[in-house]
Structures are given as C-alpha cells and as structure tokens.
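Mind looking over this structure? Questions follow.
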Amino acid sequence: MHMHRLEKWWLVFGISMLAIFLLVLGTATFAMGVTPPGEHRHTVNPETVTQNEPFDKPGLRQVGDNEYEAVILAFVFGYSPDRIELPVGAKVNFVLTSTDVVHGFHIIGTNVNMMAVPGEVNHTSYTFKEPGEYLVLCNEYCGAAHEQMQMRIIVK
Ligand code: CUA
C-alpha cells in the first residue's frame, strides 16, 4: 500500500498527540494525584443527616457582616426551613442536602439552581441585591406532590 509522505507524518502526529495526552493525564492522575473536581466533596449519611451538624438545625445564621449561612434540607415534599427572611444585599451561603430522594433547589429569577442529592452536600452562594419575594422550586421530579414543593426567600 502506498502512503503519501504527508499522510505518514499526519499519522505519526496523531498517534504522538494521543500518546502525549495519555502521558499527561496519567502523570497528573497517578504521579500528582490530581482528581476531577470533587476534592472538597462532602458526603453525609442521609439516614442520620438530621441528627448531625449542621443539618440538625436547618435555618439561617449570620456568619458575617450581612453574610449568612442557610442550611436547608429538602424532602418529600418541602424544604426545611420553608421560609427565610433576609435584609437587602445579604450574601447567603447555601448548604443543601436531601433526606430522601433527589430534589431540586431553583431560586426563580436567579442563577441558583442546585440538586439536593441524598448523601451529598451541595454548596452555593448568592447575594440578594434586589428586595422581593423569591420563590424556590424543586425541579427534579420527586413524586406525587413534586409540583407543590417550594419555599420562599423574603428580602426586604
Ligand atoms: Cu422535590 Cu420535586
């Protein structure tokens, strides 16, 4: 079979690239211990989660100057707490998990859209610059009353 010189070079180039890619990936994984995001992965036992910190006391606590931590439990079919009140400009660090099945946590009108997964703790932060009533909905189908699952965040 005749192969053009350029075809051969291209083949060598392609195979070399693949080898380099695997070498880099292999070095990062096995020699340097680099793993996918999830280094800070935080897991809990969903059966005992409500007995342990911080999910034994879901709710809002102030952690700084107009900065809060909101510990939230999702369950069929609601959230605990189901309502939080904040001053305008509050930065909220959400800490979320589920006690049963997979739920969603979508603050309508914001880019906050998390999954509440049993056994996993999800984190995100959001600063509420606009006053108003923010509706939080579950956007993972979780059962018969899925569409009634909601909470409210009041910012004033
Ligand atoms: Cu919870 Cu849908």
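The values are calculated or read from the model by the stated rules, or taken from the named source; none is laboratory data. On a predicted model such as this, the values are computed, not experimentally measured, just so you know. We place every Cβ from the backbone using ideal geometry, glycine too, and count neighbours over all the protein chains shown.
Could you grab me the full set of residues in the stretch 125-148 that are among the acidic types (Asp, Glu) and buried (at least 17 other Cβ atoms within 10 Å of the Cβ)?
GLU140, the sole residue that qualifies.
Within the stretch 58-90, can you find the residues that are closer than 19 Å to PRO131 by Cβ and within 17 Å of the chain's Cα centre (by Cα)?
ALA70
A further question on this structure: Test LEU18 against the criterion of being more than 16 Å from CYS142 (Cβ to Cβ), surrounded by 11 or more Cβ atoms within 10 Å (Cβ to Cβ) and over 15 Å from the mean Cα position of the chain (by Cα), and give yes or no.
Considered against the rule, which asks whether it is more than 16 Å from CYS142 (Cβ to Cβ), surrounded by 11 or more Cβ atoms within 10 Å (Cβ to Cβ) and over 15 Å from the mean Cα position of the chain (by Cα), LEU18 comes out as no.
Residues in the stretch 101-135 that are aliphatic (A, V, I, L, M) and in a strand (DSSP E or B): how many?
5
Quick check, is ALA116 over 25 Å from ASP65 (Cα atoms) and under 17 Å from the mean Cα position of the chain (by Cα)?
When the stated conditions are applied, ALA116 passes them.
Further question: Please find, among VAL102, VAL63, VAL95, the residue that is more than 16 Å from the ligand (Cβ to nearest atom) and surrounded by fewer than 17 Cβ atoms within 10 Å (Cβ to Cβ).
The conditions single out VAL63.
Now for a different question. So which residues in the stretch 60-92 are of a type in the set (A, V, I, L, M, F, W, C), touching a Phe, Trp or Tyr at 6+ places or on another chain (Cβ under 8 Å) and in a strand (DSSP E or B)?
Result: LEU60, ALA70, VAL71, ILE72, LEU73, ALA74, LEU86, ALA90, VAL92.
Determine, yes or no, whether PRO58 is crowded, with 16+ Cβ neighbours inside 10 Å, modelled with pLDDT under 95 and out of contact with any Cys (no Cβ under 7 Å at 6 or more places or on another chain).
Spelling it out, PRO58 is indeed crowded, with 16+ Cβ neighbours inside 10 Å, modelled with pLDDT under 95 and out of contact with any Cys (no Cβ under 7 Å at 6 or more places or on another chain).
Just give me the residues in the stretch 109-124 being more than 22 Å from ASN52 (Cα to Cα) and exposed (fewer than 13 other Cβ atoms within 10 Å of the Cβ), in sequence order.
Within the stretch 109-124, GLY109, ASN111 meet the criteria.
Sticking with this one: Just name the residue that is farthest from the ligand (Cβ to nearest atom) out of those in the stretch 131-155 that are touching a strand residue (DSSP E or B) at 6+ places or on another chain (Cβ under 7 Å) and not hydrophobic (A, V, I, L, M, F, W, C).
In this case the residue turns out to be PRO131.
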